[in-house]
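The values are calculated or read from the model by the stated rules, or taken from the named source; none is laboratory data. Nothing here was measured: the structure is a model prediction, and the numbers come from that model. Backbone-built Cβ (ideal geometry, glycine too); neighbour counts: all protein chains shown.
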């Protein structure tokens with residue numbers, strides 16, 4: 001059974017990993033974004049390679065089956081040269097999986113982003129070159145490009161599932177588990193149960209008020225029609241297998 005936890009290496013000590021392992025956690029996802037000091041200063045997230053390495057090594061020492069590292073491209077002050085150094089530093093840690101996410105600048109929704117100067121964001125062509133750089137560097141280093149924004153070592157279950165046609169994706173990312181119900185508990189969390197999607201309120205007071213009243217904190221949702229499900233399966237196939245299984249979809253629908 002997989003029990004995963006997302007960790008910020010800036011606030012985790014190696015002894016914390018021992019306690020997590022004792023509780024049953026066996027997979028960890030570590031946020032990095034970028035190791036370039038200039039970029040870190042621009043986003044106000046200072047994180048050293050050394051403290052990240054300590055957490056990775058602690059996870060392995062305590063038997064974690066998988067360690068994932070998250071990077072972000074398109075951050076302010078980011079350059080191909082600096083991002084290349086970050087990729088080299090991450091590759092030295094040899095995580096089992098890597099996620100390379102695109103930065104979405106939405107200051108009207110995320111207050112901390114208002115401190116970022118839009119002039120410091122890389123131009124669209126530069127941002128695209130950062131993604132190409134990541135794909136090139138990581139695949140040359142032996143990682144399998146799972147698709148979209150994920151990479152994995154060849155012996156990782158994601159890479160094996162992709163090769164066997166058993167890869168799936170939900171709004172949390174790629175997975176080997178098909179048709180799993182997802183239940184979101186916190187503020188703004190999204191649930192996917194059967195053919196339905198629902199979302200919790202985006203603000204804490206409304207979420208708390210619903211719980212205090214003994215109600216599920218859900219403020220909107222939708223039910224997938226057969227046409228919706230057809231489109232979902234088609235998109236799923238493109239993201240996971242890179243092709244559209246026309247005959248299989250015709251038989252199913």
Somewhere in the range 98-118, is a residue in the same structural domain as residue 33 (by TED's automatic domain parsing), touching a residue at least 12 places away in the same chain (Cβ under 8 Å), part of a helix (DSSP H, G or I) and surrounded by 15 or more Cβ atoms within 10 Å (Cβ to Cβ)?
-> no
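If you check residue 196 against the conditions, is it at pLDDT 90 or above and either in contact with a strand residue (DSSP E or B) (Cβ under 8 Å, 6 or more places away or on another chain) or on the phi > 0 side of the Ramachandran plot (or both)?
Yes.
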Residue count, the range 27-46, condition surrounded by fewer than 18 Cβ atoms within 10 Å (Cβ to Cβ), in contact (Cβ under 8 Å) with a residue 40 or more places away in the chain and part of a loop (DSSP other than H, G, I, E, B), comes to 1
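Would you check which residues across the range 1-14 are part of a helix (DSSP H, G or I) and touching a residue at least 12 places away in the same chain (Cβ under 8 Å) and list them?
Step one: of the range 1-14, the residues part of a helix (DSSP H, G or I) are 9-11, 14.
Once the filter is applied, which keeps residues that are part of a helix (DSSP H, G or I) and touching a residue at least 12 places away in the same chain (Cβ under 8 Å), the range 1-14 yields 9, 10, 14.
Grab the helices (runs of 4 or more DSSP H) fully contained in the range 199-253, keeping just those with 2 or more residues being in contact (Cβ under 8 Å) with a residue 40 or more places away in the chain.
On the way: elements: 204-212, 226-241, 246-252.
So the answer is 226-241.
Here is a yes/no grid of residues against (1) crowded, with 17+ Cβ neighbours inside 10 Å; (2) modelled with pLDDT of 95 or more; (3) more than 18 Å from residue 236 (Cβ to Cβ):
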| position | (1), (2), (3) |
| --- | --- |
| 144 | yes, yes, yes |
| 149 | yes, no, no |
| 158 | yes, no, no |
| 164 | no, no, no |
| 172 | no, no, no |
| 177 | no, no, no |
| 183 | no, no, yes |
| 209 | no, yes, yes |
Across the range 122-153, the tally of residues that are over 27 Å from residue 28 (Cβ atoms), in contact with a helix residue (DSSP H, G or I) (Cβ under 8 Å, 6 or more places away or on another chain) and assigned to a loop (DSSP other than H, G, I, E, B) stands at 1
Mind listing whichever residues of the range 211-225 are closer than 30 Å to residue 146 by Cα, exposed (fewer than 13 other Cβ atoms within 10 Å of the Cβ) and either in contact with a helix residue (DSSP H, G or I) (Cβ under 9 Å, 6 or more places away or on another chain) or at pLDDT below 95 (or both)?
-> 222
Restricted to the range 157-183, and to residues that are within 15 Å of residue 193 (Cβ to Cβ) and not in a loop (DSSP other than H, G, I, E, B), which residue is farthest from the chain's Cα centre (by Cα)?
-> 182
Residue 82 vs. criteria under 30 Å from residue 111 (Cα atoms) and within 20 Å of the chain's Cα centre (by Cα) | no
For the range 10-24, indicate whether the set of residues that are within 20 Å of the chain's Cα centre (by Cα), within 18 Å of residue 97 (Cα to Cα) and surrounded by 13 or more Cβ atoms within 10 Å (Cβ to Cβ) is non-empty.
-> no
